[in-house]
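Laboratory data are not the source of any read-out in this text; all were calculated from the coordinates shown. Predicted model, so just to flag it, every value in this text is computed and none were measured. Ideal geometry is used to build each Cβ from the backbone, glycine not excepted, and the neighbour counts take in all protein chains shown.
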Amino acid sequence: MDVIKIINKFYNENSEVYRILLSHGRSVADKALSIARSHPEMNLDRIFLEEAALLHDIGIVFCRAPALDCHGTHDYICHGYLGAELLRQEGLLQHALVCERHTGTGITQAMIEAKQLPLPRLDFVPVTLEEQVICFSDKFFSKTNVGKEKSISQIVDSLRKHGEENVLRFDHWCKRFLE
């Protein structure tokens, strides 16, 4: 599959958001592939990891995030499920699941309802090992400070704002993927 060809369908390759999307996706992919190399016993699909990591944020184009050169109409939190819809139209069903399940450490239906988030009332939590590895890897990189890796303590501080459930899931992943 040609990931860049897919991205080029929806992004102007001369735009800042295109540069951010590719740089961020490459950082996430490299981290995910590093985890796969460190854990051969997990038998992770490395081709899928790379493709899905590069595509996981494809939905940002539909959102309002001027700092990222995104001038869409949706709240930024919607980028996962919007990207999933786009990838489903491309026939990439498993890649779409990564899109919709990578935000935070996953978003449960209960969280959506409690916080009245503008998302479909579903569970958006990573299920497969590949989904978990990409979601975990994504936490180390922001799109506003492209290429700079965050520390675990920075990530935990950020996740804590959204509930202890997120911190616990991330801690579990640290033990599973980094040790």
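With viscosity set to 0.890 mPa s and temperature to 25 °C, compute the Stokes-Einstein D of the range 3-67, Rh being the Kirkwood radius across alpha carbon pairs; µm²/s, no decimals.
Numbers: Rh = 12.7 Å.
Diffusion coefficient, whole number: 194 µm²/s.
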- Using a cut-off of 19 Å between alpha-carbon atoms, which lysines can reach LYS115, once sequence neighbours fewer than 8 places away in the same chain are excluded? LYS161
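Counting only helical runs of four or more DSSP H residues, what would the 222 nm mean residue ellipticity of the chain come to if each run contributes -39,500 (n - 2.57) and the total is spread over all its residues? Write out the running numbers ahead of the final one.
On the way: 9 runs with 102 residues, N = 179.
One gets -17500 deg cm²/dmol as the mean residue ellipticity at 222 nm.
Average projected area of the Cα convex hull of the range 49-110, in nm²?
Numbers: hull surface 18.2 nm².
So the Cα hull casts an average projection of 4.6 nm².
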- Kindly provide log₁₀ I(q)/I(0) values, in the same order as q = 0.15, 0.23, 0.29, 0.30 Å⁻¹, from the Debye equation applied to equal alpha-carbon scatterers of the range 91-142. -0.41, -0.85, -1.07, -1.10
- Exposure rule at most 14 other beta-carbon atoms within 10 Å, DSSP loop trypsin sites (Lys or Arg not before Pro): the chain longest free segment: 1-120
- Task: Would you mind calculating the relative contact order of the range 3-178 from Cα pairs under 8 angstrom and at least 6 residues apart, reporting the percent as a whole number?
- Result: 20 percent
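Take the cross-link list LYS31/LYS148; LYS9/LYS31; LYS9/LYS150; LYS139/LYS175 and give me the ones stretching past 24 Å between alpha-carbons.
Values: LYS31/LYS148 12 Å; LYS9/LYS31 26 Å; LYS9/LYS150 31 Å; LYS139/LYS175 15 Å.
In this structure, LYS9/LYS31; LYS9/LYS150 lie more than 24 Å apart at Cα.
May I ask you to work out the translational diffusion coefficient for the range 72-174 at 10 °C, viscosity 1.306 mPa s, via Stokes-Einstein with Rh from the Kirkwood sum over Cα pairs, reported in whole µm²/s?
Working: Rh = 14.2 Å.
D, rounded to a whole number, is 112 µm²/s.
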- Query: When only alpha-carbon atoms count, how far does the chain stretch along each of its three principal axes, as whole angstroms with the largest first?
  - Reply: 40, 38, 30
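Starting with the fewest neighbours, write out ILE20, ILE134 ranked by other beta-carbon atoms found within 10 Å of each beta-carbon. Spell out each step's value before the answer.
Numbers: ILE20 22, ILE134 29.
So the ranking, lowest neighbour count to highest, is ILE20, ILE134.
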- Message: I'd like the distance between the alpha-carbon centres of the range 123-179 and the range 35-97, rounded to an integer number of Å.
- Response: 15 Å
